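What follows is a short report on a single structure.
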Amino acid sequence: MAPLLFVHKVSKAYPGESLGAVNEVSFTMKPGEILSFVGESGSGKSTLLRMLAGLLRPDKGEISFQGTPLEDPEEQLIAGNPAIKMVFQDFDLMPNMTVSENLRYPLLTYNKEYANDRVSELLNLCGIQDLAKKLPRELSGGQQQRVALARALADEPELLLMDEPFSQLDPVNTAQLLREVLRILKVAQVGLVFVTHDTRDALMISDRVGFLKEGNLMQVGSPAELYRKPKSEDIARFFGPINIFSSETVQVHLPELSDRLTGKNAVSIGIRAEDVELSPSEGRLRLKVNTHEIFFHGDHFSVEGKLSWGMPFVFQTNSPPEKTGEDILVSISLDRLLYFY
Ligand code: ADP
Ligand code: MG
């Protein structure tokens with residue numbers, strides 16, 4: 001069976017720009033899969049998504065949907081593919097239509113009975129029955145987002161595209177909506193390409209995550225792979241606070257790790273702030289940290305300080321030292337070390 005999406009060496013440079021916005025990106029997607037793209041602002045996420053939506057023509061490369069190349073948006077009357085739906089950041093609902101009418105709008109070409117049934121089904125699926133008769137302006141951001149999602153699903157697309165869809169919502173609403181989206185997509189068996197700069201959102205809902213940097217797809221893999229086996233220091237840093245030791249540093253200051261570094265042919269070693277513990281037990285890497293600052297984050301503290309040779313060091317803990325400015329001993333399980341090549 002053809003993959004849902006087949007993307008091969010797709011590139012795009014905007015006119016007048018010397019650097020490409022997207023460079024030779026390749027990946028495939030299975031039906032019903034949830035794939036997120038993360039990366040800093042300007043890394044090419046939106047450009048890639050617009051090409052997948054069939055709204056922007058790649059300069060080079062191939063995009064096939066269910067085995068058929070996407071049509072050239074510049075030669076279409078209405079750009080895009082009916083089985084691929086984009087959910088826009090601003091929801092794009094019709095202001096003078098009720099929620100029901102907004103959902104019925106994409107179904108105008110179907111007979112009335114089917115359209116009615118489908119609208120009830122969508123209201124149910126997205127948990128918005130109570131909103132059916134309301135106008136968009138009478139809804140909260142989260143409710144509008146649900147309606148926008150229901151509308152995108154109306155015509156039973158195979159693939160949904162979302163570009164930072166929750167940037168206007170607060171974290172509580174976002175977390176709840178993400179769960180909801182996940183449930184709805186799994187029921188409807190719709191694939192999703194989800195673009196976000198929030199790594200927690202991406203890790204939470206994705207089957208696979210891709211990391212973009214300057215238009216290049218640096219790594220794509222399961223959420224656990226990107227988090228636990230990041231291929232580069234950039235990727236590791238993007239997913240949370242980390243301490244990175246170059247091979248020179250290891251040789252000079254952490255000779256006990258030298259063998260591990262050379263054994264793996266790695267050029268540096270990373271220690272995530274959350275993998276550091278205050279109990280210096282046997283068989284672990286031990287470090288002395290002179291603490292400078294303690295920050296409260298609600299569910300944990302982060303402590304910043306310096307190692308004996310002056311390098312900054314950060315770690316997280318639930319029970320921080322009572323005062324700063326003192327040396328404390330911390331330890332790290334050796335199998336938690338990250339290696340970069
Ligand atoms: P992201 O969504 O990850 O923030 P974008 O795809 O929007 O990244 O942008 C990728 C790069 O392309 C950036 O350097 C951006 O400045 C540039 N870019 C985006 N849209 C345009 C445009 N319409 N014209 C020229 N350059 C653009
Ligand atoms: Mg963007």
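Please treat every number below as a calculation from the coordinates, not as lab data. The model shown is predicted, which means the values in this text are computed figures rather than measured ones. FYI the Cβ positions are ideal-geometry reconstructions off the backbone, even for glycines, and counts take in every protein chain you see.
Structural remarks
- Highest mean packing first, where packing is the average number of other Cβ atoms within 10 Å per residue, the peptides 159-170, 300-311 line up as 159-170, 300-311.
- C-alpha center-to-center spacing [segment 160-205, segment 71-123] in angstrom: 20 Å
- Net lengthening on full extension, Asn265/Ser246 (0.36 nm per residue, minus Cα-Cα): 5.6 nm
- Once the Cα gyration tensor of the chain is diagonalised, semi-axes √(5λ) in Å: 45, 25, 16
- Computed over the chain: relative contact order in percent, which uses C-alpha pairs under 8 Å that are six or more apart: 16 percent
- On Cα atoms only, tilt of 171-188 relative to the major axis of the chain in degrees: 60 degrees
- Near-label residues of segment 316-341 by backbone N, under 14 Å of a point 7 Å along Cα→Cβ of Phe295: 316-317
- Sorted on the mean count of surrounding Cβ atoms within 10 Å across their residues, most packed first, peptides 253-259, 272-278 read 272-278, 253-259.
- Net charge dipole size for the chain [Lys, Arg +1 and Asp, Glu -1 on Cβ; Debye, nearest 20]: 340 debye
- Size of electric dipole in segment 242-340: Cβ of Lys, Arg +1 and of Asp, Glu -1, about Cα centre, debye, nearest 20: 220 debye
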